[in-house]
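A short write-up of the structure that comes next.
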Amino acid sequence: MRFSLCWNGRAQRPAVSPVMRPPRRRTDVRVTRASTERKTSERDSRSMTRWWPIAAAAVACVLASACGSGTAGTTAGSTAARPATTAAQAGAPPEAPAGSPIRFRATDGVRLHGTLTPGRGSRAPAVILIHQYKGTPYEWDATIPYLHAAGYATLEYPSRSPTEDDETVLARDVRGAIAALRRRPDIDPRRIAVLGASIGASTAAWVVGSPPDQRLAAAVALSPQETDAIKHGARTNRFRPHDLLLVADTQELFAVKAIRTDVHGSGVSVTQSRDEGHGVDLMDYAPVRRAVIDWLNTRTRAS
């Protein structure tokens, strides 16, 4: 499968000049306000004032009942039950500390560079972040503080080419990043995970499922596609993922279910977001963030 500018019908983020780093992306706050204008007589106004406390109490009871009936299992959030919860509404964590530059080589010798944000503790678990098609590593800026608050170091980097759409090629970059982190004394080499979005999601799935075995603790793929490499690898027993979480909204759920079917469900779990979004945009929603971090924590035993 080849990716285009609007891969799978979803517009990708425009490329960002490497000269100037854009400011951290702020999560939108979606606030719904219902306004109703009525013309009433003075008597009706007095009646409304009299009965308003009773009506308000009744509405509060109904809302409390509705909010208490959340969804469980493999569904993250529900727009039908409640409005989307964004980072600003949930309360964003403290800003992550400044990262430091890191240079490494892909397994085929391509020179790469990125930013390593330290974790908490001397031997922290780490998450490698793989950006979208025609994307930049800065699209993870709003996610990094949540991962840092959970105890993780993060490595974000620009891939060898923002228009590279072959996950088997991009996997060489990721494997080089894994090797670089394992050489660092501040990273626990047994607790490294990958998190990718869009083409980066297919890359994360390929890295955790294809040889050579990287002994990754976990992998998360946000809106991956069932690519030709994944389909063929599953048929030839060259794609056998483990500890892989696939996340997609309702519109793209068919793709992640197809990947799970290809491997007969082995080593793969699927989480559906009822809030619409593609790739890294899914991390704007608190239920998705919780599902992702819970998945990582369970497999890396991060505190």
Taking a crude spin-label model, label points 7 Å out from Cα along the C-beta direction, the residue 269 to residue 183 distance in nm is 3.4 nm
Counting sequence-distant residues (5 or more places) and residues on other chains, those with an amide H built under 5 Å from that of residue 130 are 195, 196, 197
At the level of C-alpha centres, the distance separating segment 112-131 and segment 264-283, in angstrom, is 23 Å
The answer for residue 249, listing residues at least 5 apart or on another chain whose modeled amide H is closer than 5 Å to its amide H, is 273, 277
Cα extents of segment 84-300 along the principal axes, largest first, in whole Å, come to 43, 43, 31
For residue 235, placing the label point 7 angstrom along Cα-to-beta-carbon and taking segment 170-213, residues whose amide nitrogen sits under 15 Å are none
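Work out how much length residue 290 to residue 105 would gain on full extension: take 0.36 nm times their residue separation and subtract the Cα-Cα distance, in nm to one decimal.
Numbers: separation 185, 0.36 × 185 = 66.60 nm, distance 3.23 nm.
Value of the extension gain: 63.4 nm.
Could you sort the peptides 191-201, 223-233 by per-residue average Cβ neighbour count (10 Å cutoff), highest mean leading? Please list the in-between numbers first.
On the way: 191-201: 29.1, 223-233: 21.4.
Per-residue mean Cβ counts within 10 Å order the peptides as 191-201, 223-233.
Can you give the translational diffusion coefficient of segment 168-245 in µm²/s, computed by Stokes-Einstein from the Kirkwood radius over Cα pairs at 20 °C and 1.002 mPa s?
Working: Rh = 12.5 Å.
Result for D is 171 µm²/s.
Every number here is computed from the coordinates shown, using simple stated rules; none is lab data. Just so it is clear, the model here is predicted, and its values are computed rather than measured. With ideal geometry, Cβ positions are generated from the backbone for all residues, glycine too; neighbour counts draw on all protein chains shown.
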